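The structure appears below as structure tokens.
Readers should treat all values here as calculations from the given coordinates under stated rules, not as data from a laboratory. This structure is a prediction, so every number in the text was calculated from the model and none was measured. Cβ sites come from the backbone with ideal geometry, for glycine too, and all protein chains shown count toward neighbours.
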Amino acid sequence: MTKPLRIAIAGLGTVGGGVVKALQARGDELAERAGRRLDIVAVSAKNRRKPRAFILPAAWSEDPVALASADADVVVELIGGEDGPARALVEAALASGKHVVTANKALLARHGARLAALAEERGLALKFEAAVAGGIPIVKALRESLVAHGIASVRGILNGTCNFILTNMERTGRSFADVLKEAQQLGYAEADPTLDVGGADTAHKLALLASLAFGTAPDLDHMPVEGIEHITPEDIGYAREFGFRIKLLGIAKRMGADIDQRVQPAMVRAGTPLGDVDGAFNAVAADAGEAGPFFFEGRGAGEGPTASAVIADLVDIARGSVGPAFGKPAGTLTPLRSAPPGAASSAWYLRFEVLDVPGVLAEIAGHLAESRVSIESMLQRGRNPGEPVSIVMITHDTPQAAVTHVLKAIATSDKVLGRPRLIPMEAG
Ligand code: HSE
């Protein structure tokens, strides 16, 4: 058998620990599949004395960046963060001729094209299956398996925390804040949940998927990002009445030569694959042109799924698969040409908080008619003369620019209270 692949791992948290355990438990089987043994030769973690569920016969370093000079073939970066020690380690590892496997979506979304170029110049692999949707093998699928006909769109539920919160808001009718608190107590949400619930984590993953799908450099700067903090039980309840669920989606679609990429809560029909993704699961729907639509669902985080993705990359490297990180040579990744703001077209869910007085519906309908926004369904629950009441509408297919323009006009009415709610409807 060829000589072992020598692995240095930075970060022994949930994922790092899972990688070590799986490599130790299934070493022989993995060696057969990889054609050589996968040996851990060096590790780095903050606390050497922390009790762990495995014994490490490997060199220990307090300083993760020092792993770049370890006697290893590949460095696995599981520290996280778009800069700081994670970036320093990846740059130093590539500079010193080591392959890199990382789960770090923030780092690659921000610096991916440059790091990919650095890896290619030296004939090294930069692999990141674990960075997007945990155990789902979507990076390899887009990079290698679905290249024949090109990708028209890739859309996904990419953050398990958000999906857990939305699913539980729907089940219990409770508020975002209440369910978030429970998710934190159960360990599903971080103490600081901002990256997850604000949409940034989804944005990082979407930037990588868009790059793999369209051959563009990862681009976070041209991506509108909206999180789930403003989703109310009321909107979830109305969605359910119309047969929809609210999901936080990362969406990247070809629009001619442009790419429409955005992160936003969307109404997805219940009973469809995307609409029925429950709890902390992730899913990705890819439209691969003549190859047809594909749907991937699985666990997007946690020890087993994420370690599975890291090990898949290690096996690839052990076999000598060292292709370009984003599927095309880094120098050929084009800048993303983003679709003009507001160009995306869909049906829309609109909710107006209005005073229950004669003429308010006519006024709203008048504005919509003037702007040629056509209504498919409408609902007003109960009556509350002189007091606030909700009017909910679903439009026909309408460009976002047209619908936001008319909402501004409607919001000026003294019978309309607060800002109207606007949520796109997305195919499931
Ligand atoms: N925090 C992420 C999630 C997993 O909740 O899905 C890591 O990106």
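Peptides 279-286, 52-59 ordered by packing proxy, namely the average of other Cβ atoms within 10 Å per residue, highest first: 279-286, 52-59. The charge dipole of the chain, taken about its Cα centre with unit charges on the Cβ of Lys, Arg, Asp and Glu (plus for the first two, minus for the last two), comes to roughly 800 debye. Under conditions of 10 °C and 1.306 mPa s, region 345-426 yields 126 µm² s⁻¹ as its translational diffusion coefficient, taking Rh as the Kirkwood radius over Cα pairs in the Stokes-Einstein equation.
Proximity of backbone amide H atoms, modeled 1.01 Å from N, is registered between Val43 and Ile9, Ala59, Trp60, Ser61 at under 5 Å, excluding neighbours fewer than 5 places apart on the same chain.
Rounded to the nearest whole Hz, the Karplus-based 3J(HN,Hα) values (6.51 cos²θ - 1.76 cosθ + 1.60, θ = phi - 60°) of region 20-33 follow the sequence 4, 4, 5, 5, 6, 6, 10, x, 5, 4, 5, 4, 5, 5, with x at glycine and proline. Shown in residue order for region 210-217 are the 3J(HN,Hα) couplings computed by the Karplus curve 6.51 cos²θ - 1.76 cosθ + 1.60 at θ = phi - 60°: 4, 4, 5, 6, 10, x, 9, 6 Hz (x for Gly and Pro). Among Val19, Ile236, Leu333, whose Cα sits farthest toward the positive end of the charge dipole of the chain (+1 at Cβ of Lys/Arg, -1 at Cβ of Asp/Glu, about the Cα centre)? So the residue we want is Val19. Short-range pairs are left out: with C-alpha atoms under 8 Å and at least six residues apart, the relative contact order of region 164-301 is 21 percent. Please work out the Cα center distance from region 106-150 to region 198-240, rounded to the nearest Å. Rounded to whole Å, the Cα centres lie 19 Å apart.
Mean separation of Cα pairs under 8 Å and 6 or more residues apart, divided by the residue count, gives the chain a relative contact order of 16 percent.
Viscosity 0.692 mPa s, temperature 37 °C: what is the translational diffusion coefficient of the chain from Stokes-Einstein with a Kirkwood Rh over Cα pairs, rounded to a whole number of µm²/s? Rounded to a whole number, D works out at 143 µm²/s. For region 33-101 and region 257-297, what is the separation of their C-alpha centers, rounded to whole Å? Comparing the Cα centres of region 33-101 and region 257-297, I get a distance of 34 Å. A simple rule links phi to the HN-Hα coupling: the Karplus curve 6.51 cos²θ - 1.76 cosθ + 1.60 with θ = phi - 60°, which for region 183-197 gives 4, 5, 5, 7, x, 7, 10, 5, 4, 9, x, 4, 4, 6, 6 Hz, with x for Gly and Pro.
Ordering Val315, Val65, Val15 from the fewest to the most neighbouring beta carbons within 10 Å gives Val315, Val65, Val15. Computed extension gain for Thr232 through Ala427, at 0.36 nm per residue and net of the alpha carbon distance, reaches 68.0 nm. Packing order of peptides 354-361, 376-383, highest average first: 354-361, 376-383 (average count of other Cβ atoms within 10 Å over each peptide's residues). Around the amide H of Leu417, modelled in the peptide plane, lie the amide H atoms of Glu353, Val354, Leu355, all under 5 Å away and 5 or more residues distant in sequence or on another chain. For the chain, find the longest principal axis of its Cα atoms and tell me its angle to the long axis of helix 105-121, 0 to 90°, nearest 10. Once rounded, one gets 40 degrees. For the chain, the longest principal axis of the Cα atoms and the long axis of helix 360-370 meet at an angle of about 70 degrees. What does a probe at Arg171 reach in region 258-293, counting residues whose amide N is under 11 Å from the point 7 Å along Cα→Cβ? Within reach of a label on Arg171, which here means backbone N under 11 Å from a point 7 Å along Cα→Cβ, region 258-293 contributes 278-280.
Each residue in Arg337, Arg174 was given a count of other beta-carbon atoms within 10 angstrom of its own, and listing them fewest first yields Arg337, Arg174. Residues Val75, Val43, arranged from fewest to most other Cβ atoms within 10 angstrom of their Cβ, appear as Val43, Val75.
The magnitude of the dipole of region 345-426, with charges of +1 and -1 set on the Cβ of Lys/Arg and Asp/Glu and taken from the Cα centre, is near 100 debye. Please report how far the C-alpha centroid of region 379-405 lies from that of region 11-31, rounded to the nearest whole angstrom. Value for the Cα centre distance between the two parts: 53 Å.
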